[in-house]
Amino acid sequence: MGPDRCSAVRWTTTMSRRDQDKFGVEGGLAFPFELFEATSDCVFVLDADWRFSYLNAKAIAELHAGDLLGTVIWRSFPAAVGSKFEDVYRRVAERRESETFEAYYPDPLNRWYEVHAVPYQDTIVAFFRNITKRRLAVRALLRRHNELDTVLGWAGVGIMQYAENHRLMVINKLFCEILGRTKEELNGLPMETFTHPDDIPRNAELLRKHRQAETPFHIKKRYVRPDGEIVWCSVAISFVRHRETKEPTTIVVARNIDEEVEAQRKAEETRALLRAVVDGADDLIYVKDAEGRFVLVNKKMAREFGIAIGQAGGDRFPDLAPRFTAEDEQVMTTDERLVIEEQIPTKSGAATFLTVKVPWQQNGATKGVIGISRDISERVRNEQALRESEERFRLAAAATGDAIWEWDLESGAIHWSSTAPGLTGEVPGGAIEWWNERVHPDDREATMSSLNAFVQSEGQRWEAEYRFLRPDNSYGVVADCAYLIRDGSGKVVRMIGSMSDITESVEAQARINRLQAELGHISRINAMGTMGSTLAHEINQPLASAGNYLTGLRRIVDGNAPDPASVRRGLEQAQAEISRAGEIIRKLRRLVEQGQAELHPIKLRICVDEALMLALPDTQVRKIGINVDVPSDMTVMADAIQLQQVLYNLIRNSVEAIAQTEIGRIEIQARDRENQVVVRVSDTGEGLQPEVKERLFSAFASTKPGGLGVGLSICRTIIEAHGGSIWAEDTGDEGATFAFTLPAGGEGRPVSPEVTG
Ligand code: ADP
């Protein structure tokens with residue numbers, strides 16, 4: 001329009017004189033009315049009195065007014081008064097300078113006009129055109145712009161368009177928020193300003209490559225806000241050229257993926273954690289797909305079986321493949337877990353595994369099987385060993401008839417072995433009261449307090465003997481022996497004990513004790529009987545002495561003036577001798593008739609063992625070492641009771657000789673010698689006293705206070721009656737050895753004649 005108008009004016013200035021006349025130009029340049037008619041604009045001319053002096057056809061049509069010529073504009077168009085039209089026209093008239101403006105003319109035109117008002121001499125030429133359509137189009141465009149802005153503003157993504165030199169054309173609120181800057185701040189800023197340094201090289205490289213080809217690309221990058229905060233975005237970048245100017249522009253669409261990145265990071269963290277747990281497990285952990293191929297195996301599994309991802313379980317163990325497949329199928333079809341105890345060959349031999357298989361489900365569909373296998377070989381072995389040991393324990397308890405009990409001191413419960421009823425006659429109760437009620441009333445307090453004291457003590461082993469109610473309502477004697485079990489802190493938690501009925505052995509011991517006393521008694525009686533004749537002269541001796549003293553006294557008394565002192569002395573000596581005889585007689589008071597013995601072939605070893613048992617009460621056995629070197633099949637011809645007496649006497653002497661020393665040993669040895677057997681009883685005792693050495697086998701030779709000194713004499717009598725001999729061997733300072741011989745025995749050998757004392 002502008003150029004058209006200019007050329008029109010220029011044209012008019014170059015118009016010929018003739019033409020100027022034709023167009024009625026007054027006093028100077030004439031109007032190019034033809035041109036006005038031909039132009040696309042509407043044109044009118046106002047004279048100095050604001051009257052229309054010319055209107056082209058377009059103007060007439062536009063303004064719907066045929067006879068405006070000569071009318072004053074302010075009257076014909078009253079709405080122009082006070083409007084922009086009047087404003088500009090008057091200014092142009094006054095200043096004589098062109099002006100272009102746009103204004104709206106209301107009723108009846110209701111149109112927008114673009115007007116170019118040009119002063120010419122004393123007139124104003126107005127070139128104008130109806131721009132209502134354009135204005136509406138612009139309005140619509142603006143509205144669309146607003147709408148677009150709203151849309152961009154509402155979009156869940158950041159949108160930005162910039163031209164060269166980073167001249168920002170469009171940016172929505174969200175992108176401003178992402179970048180932490182306003183539109184104004186961003187204008188002209190290069191990408192590097194708000195991109196994370198680590199992401200710049202790649203971003204720049206992609207931009208360079210794609211800008212050239214004008215192909216869109218995508219990048220995941222970090223934006224950095226001025227406050228340093230980082231925002232992860234998924235960014236789509238495309239290149240478009242301006243529709244009209246063809247200027248290249250860049251469109252950036254960014255989606256904040258901070259949450260996604262965070263979720264992904266968390267997922268990765270969880271995955272790493274899970275992997276660590278799975279790999280760190282001592283169990284075999286694996287996942288198989290529906291075809292039985294491994295999609296996950298933990299380190300242990302890979303190490304133990306060399307299994308790799310993608311392999312099938314059956315590849316490694318073809319023999320087991322059908323079973324594996326069948327189990328997996330079952331888990332997948334039933335969607336239920338399966339627990340299997342299975343034998344699988346490992347590097348260190350066949351091992352027992354406890355395997356749990358569960359369906360591997362994803363989004364509600366079963367994709368395969370997850371398996372966890374634990375090597376329970378050791379547990380199985382331990383269980384087996386425990387079962388065996390329990391069985392052995394049970395058998396042992398059953399064999400001895402002991403009642404085994406276990407007392408949980410925390411709960412107070414007592415568990416008894418299945419062998420208990422054999423001893424108690426009933427299934428025992430589970431509490432301490434049951435036991436306490438059955439302990440003999442006289443033993444109850446002592447036993448209970450010993451038990452209580454033990455539990456409080458540092459001790460480990462408790463032993464007690466007490467009377468306990470038996471199935472027949474009598475009281476038997478039990479030996480109860482228990483161990484304390486403590487926890488890590490030393491606190492007593494349990495007590496395990498075994499209770500055995502020792503009534504019989506207690507009674508047997510009592511019988512032995514009685515027998516021992518009886519034997520001692522018998523041996524003395526026997527001694528007296530055996531020694532009767534030997535002792536006669538011993539008694540004669542003091543009696544003869546006493547007689548001599550009395551004879552002497554009589555002579556003194558019969559003589560003249562007997563000396564009372566001599567008489568007293570003689571009487572005292574006689575009395576002493578008589579007392580001595582009386583003492584001997586007292587000792588022989590229990591003399592009884594002696595029995596008779598018969599010789600039989602007897603097993604020497606049995607005789608020795610029995611004599612040992614009689615001669616060594618329990619307490620002494622522990623202090624004295626006994627060594628019996630007697631062949632078990634050795635036979636001698638003897639009266640068992642009398643031989644036992646000999647052995648008993650010799651062993652007792654040895655025991656007594658040892659009693660003085662700290663430790664001692666007795667050895668009984670028997671050797672064949674021709675048709676005889678030599679038996680030796682040696683000890684490590686104090687040895688023979690010199691004063692008795694010569695008279696050992698004589699009656700009343702004793703070095704012991706209160707000793708009778710008849711033991712060895714009896715032995716000699718018995719051994720000699722058996723046709724043997726007895727002697728003490730020379731051992732120097734070392735203890736004593738007594739030896740005797742006996743006729744060797746044999747099958748079918750005739751019984752010897754009677755043996756008399
Ligand atoms: P008693 O034992 O009553 O004294 P014996 O005739 O059995 O009578 O023993 C006589 C003495 O022989 C004992 O008093 C003791 O001095 C001595 N004697 C016997 N056996 C041994 C021995 N094994 N060791 C040391 N001395 C013994």
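The values are calculated or read from the model by the stated rules, or taken from the named source; none is laboratory data. Just so it is clear, the structure is predicted and the values come from calculations on it, not from any experiment. Neighbour counts are summed over all protein chains in view; Cβ atoms, including those assigned to glycine, are modelled from backbone coordinates with ideal geometry. Calculation scope for accessible area: heavy atoms of the full protein, side chains included, ligands and nucleic acids excluded. Shrake-Rupley method; radii C 1.70, N 1.55, O 1.52, S 1.80 Å.
Distances between placed amide hydrogens fall under 5 Å for I171 paired with Q161, all partners being 5 or more residues away or on another chain. Rounded to the nearest 10 degrees, the angle from helix 132-154 to the longest Cα principal axis of the chain is 10 degrees. Once the 1.4 Å probe is applied to the protein heavy atoms, the chain comes out at 57 Å² accessible per residue. Simple rule: put +1 on each Lys or Arg Cβ and -1 on each Asp or Glu Cβ in the chain, find the dipole, and look at A396, T703, V151; the Cα lying farthest toward the positive end is V151.
Rounded to the nearest 20, the size of the Cβ-charge dipole of region 239-318 about its Cα centre is 260 debye, with Lys and Arg at +1 and Asp and Glu at -1. Summarise the accessible area of the chain (1.4 Å probe, protein heavy atoms) by the percent that is carbon and sulfur. Of the solvent-accessible surface of the chain, carbon and sulfur hold 52 percent. A straight Cα-to-Cα reach below 14 Å connects K704 with the aspartates and glutamates E656, E686, E691, residues fewer than 8 places away in its own chain not being considered. The phi torsions of region 242-259, fed into the Karplus equation with coefficients 6.51, -1.76 and 1.60 and a -60° offset, translate into couplings of 4, 4, 9, 7, 6, 6, x, 10, 10, 10, 10, 10, 10, 10, 5, 10, 3, 5 Hz, rounded to whole numbers, with Gly and Pro shown as x.
At full extension, D279 and I512 could sit 76.6 nm farther apart than now, given 0.36 nm per residue minus the alpha carbon distance. Measuring between their Cα centroids, region 415-473 and region 248-327 lie 62 Å from each other. Full extension of the chain between D629 and E177 gives 151.6 nm of extra length, using 0.36 nm per residue less the Cα-Cα distance. Using the alpha-carbon atoms, what tilt in degrees (0 to 90, nearest 10) does helix 640-658 show relative to the longest principal axis of the chain? The two axes meet at around 70 degrees.
Across Y549, Y162, the residue with the most accessible area heads the list, and the full order at a 1.4 Å probe is Y549, Y162. Since only W112, A611, S238 are under comparison, the one whose Cα sits farthest along the positive direction of the charge dipole of the chain, derived from C-beta charges on Lys, Arg, Asp and Glu, is W112.
Taking amide H positions as modeled 1.01 Å from N, with prolines and chain starts lacking one, the residues under 5 Å from A351 and 5 or more places away or on another chain are I344, T346. Rounded to the nearest 20, the size of the Cβ-charge dipole of region 39-188 about its Cα centre is 380 debye, with Lys and Arg at +1 and Asp and Glu at -1.
The charge dipole of the chain, taken about its Cα centre with unit charges on the Cβ atoms of Lys, Arg (+1), Asp and Glu (-1) only, comes to about 2880 debye. Ligands, DNA and RNA aside, W360 has an accessible area near 50 Å² when probed at 1.4 Å. Between 0 and 90 degrees, rounded to the nearest ten: what's the tilt of helix 564-587 against the longest Cα principal axis of the chain? The angle comes out at about 60 degrees. Rolling a 1.4 Å probe across all protein chains gives D480 an accessible area of roughly 0 Å².
Note on E445: accessible area is roughly 150 Å² with a 1.4 Å probe, heavy atoms of protein only. Computed from backbone phi, the HN-Hα couplings of region 669-680 come to 10, 10, 9, 6, 9, 6, 8, 10, 10, 9, 10, 10 Hz, rounded to whole numbers (Karplus: 6.51 cos²θ - 1.76 cosθ + 1.60, θ = phi - 60°; Gly and Pro given as x). A straight Cα-to-Cα reach below 13 Å connects K299 with the aspartates and glutamates D279, D282, D283, residues fewer than 8 places away in its own chain not being considered. Across the options V478, N436, M495, the greatest Cα extent toward the positive end of the charge dipole of region 435-517 (unit charges at beta carbon of Lys, Arg, Asp, Glu) belongs to M495. Region 54-70 and region 203-235 have Cα centres separated by 62 Å.
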